[in-house]
Amino acid sequence: MFKKILLPVDGTEHSEKTIQCVKDIAKKCNSTVVIFHSYSSNPLYTMDMEEKLRQYSFAIVDKVVAELSNDDISVKSKIMKGHAGQLIIDLAKEENCDLIVMGKHDNNEIKNFLIGSVSNFVIHNSKIPIFLV
Amino acid sequence: MFNKILLATDDSVPAKKAIDYVQNIAIKYNAEVILLNTYYIPDMFNGKPSEHYMYLSKVEENMKEHGEKILYETSEKMKAKNINVNTLLIKGPTGPTIVSEAEKNNCDLIVMGSRGLGNVTSILISSASNYTIHHAKCPVLLIK
């Protein structure tokens with residue numbers, strides 16, 4: 001059970017709580033963790049802006065990778081460009097994950113009142129269990 | 001991290017899958033499990049004693065019996081694996097009951113199937129799951 005966990009991160013505080021949770025489960029179940037971050041692009045963005053976003057994404061993911069590998073958890077990471085929800089579903093399938101762990105909230109403060117739009121998309125479209133922290 | 005797990009259960013396929021998950025988690029974390037089943041008929045006739053009312057109270061009784069059966073079978077299955085199990089059979093709307101019981105019993109994880117036996121008003125996520133993930137104070141594990 002829970003051999004491969006998909007952990008989408010966004011670098012926020014909510015995401016911190018999720019990471020602690022994954023750490024605990026991964027240690028108990030001896031699972032591999034796939035850390036995922038996506039950034040979206042816009043035709044109005046300049047090359048420079050997109051490059052900055054990409055670097056920022058790497059910084060977020062590297063921090064989590066370091067934190068988890070410090071605890072001897074085997075980690076994989078992936079950064080992609082596009083619609084976060086769909087990418088999470090596709091990646092879970094591609095990597096044969098058996099659990100997705102997500103925060104109930106995402107980065108977007110306006111939509112933050114209830115459940116983040118990304119979490120909502122994943123909840124509705126995932127074929128595997130979802131752990132909402 | 002998980003000391004007390006609330007498993008909301010009925011006869012549906014995802015709920016049956018959830019039982020296996022809970023068993024595994026409870027053994028790994030040495031956690032206590034609370035099994036919850038709810039039954040409820042919305043008060044459509046304003047509680048007026050009528051023929052319908054008599055009929056509905058009969059239905060409710062059947063639902064209660066059915067719930068008892070589910071809880072008994074599941075708890076026996078878990079007891080066989082040396083898991084500490086308590087059962088709760090509560091009359092009330094499913095979603096709010098799950099959330100309030102989880103808080104009352106200090107549960108630190110809710111496990112439930114994404115779809116129960118309810119009407120097909122929402123195909124992907126049932127109203128009970130939807131209510132729970134929006135209102136629960138603790139983590140929720142949603143089994144598909």
* If you go through the range A:31-45 one residue at a time, do you hit one that is of a type in the set (Ser, Thr, Tyr), within 14 Å of chain B (Cβ to nearest Cβ) and part of a loop (DSSP other than H, G, I, E, B)? -> yes
* Evaluate the range B:73-83: report whether one residue or more is more than 17 Å from the chain's Cα centre (by Cα), farther than 22 Å from B:Tyr131 by Cα and hydroxyl-bearing (Ser, Thr, Tyr). => no
* Hits in the range B:123-134 - residues which are in contact with a Ser or Thr (Cβ under 9 Å, 6 or more places away or on another chain), modelled with pLDDT under 90 and facing chain A (nearest Cβ under 10 Å) -> B:Leu124, B:Ile125, B:Ser129, B:Asn130, B:Ile133
* Considering each of A:Ile73, A:Ile79, A:Ile88 in turn, give the residue that is in contact with a helix residue (DSSP H, G or I) (Cβ under 8 Å, 6 or more places away or on another chain) and assigned to a strand (DSSP E or B). => A:Ile79
* A:Ser57 passes all but one of (1) open to solvent by 30 Å² or more (accessible area, probe 1.4 Å); (2) out of contact with any Leu (no Cβ under 9 Å at 6 or more places or on another chain); which number fails? -> (1)
* Residue within the range B:44-65 that is exposed (fewer than 12 other Cβ atoms within 10 Å of the Cβ), charged (D, E, K, R) and in contact with a helix residue (DSSP H, G or I) (Cβ under 8 Å, 6 or more places away or on another chain) present -> no
* Can you tell which of A:Lys28, A:Lys17, A:Lys23 is part of a helix (DSSP H, G or I), within 14 Å of chain B (Cβ to nearest Cβ) and in contact with a Phe, Trp or Tyr (Cβ under 9 Å, 6 or more places away or on another chain)? -> A:Lys28
* Only one of B:Thr38, B:Thr87 that is more than 21 Å from B:Phe2 (Cα to Cα) and touching a residue at least 12 places away in the same chain (Cβ under 8 Å) -> B:Thr38
* To do: Looking only at the range A:85-133, count how many residues are open to solvent by 20 Å² or more (accessible area, probe 1.4 Å), more than 11 Å from chain B (Cβ to nearest Cβ) and at pLDDT 90 or above.
  => 8
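Among the hydrophobic types (A, V, I, L, M, F, W, C), farther than 13 Å from B:Val111 by Cα and modelled with pLDDT under 90: which single residue out of B:Ile90, B:Ile41, B:Ile83, B:Ile70 fits that description? Let's see the steps before the verdict.
Details: B:Ile90 fails: modelled with pLDDT under 90; B:Ile83 fails: modelled with pLDDT under 90; B:Ile70 fails: modelled with pLDDT under 90.
Step by step, each of B:Ile90, B:Ile41, B:Ile83, B:Ile70 is checked, and only B:Ile41 is among the hydrophobic types (A, V, I, L, M, F, W, C), farther than 13 Å from B:Val111 by Cα and modelled with pLDDT under 90.
The values are calculated or read from the model by the stated rules, or taken from the named source; none is laboratory data. Everything quoted here is computed from the prediction, not taken from an experiment. No Cβ is skipped: glycine too gets one built from the backbone with ideal geometry, and neighbour counts run over all protein chains shown. Heads up: the accessible areas ignore ligands, DNA and RNA and are worked out on the full protein's heavy atoms, side chains in. Shrake-Rupley method; radii C 1.70, N 1.55, O 1.52, S 1.80 Å.
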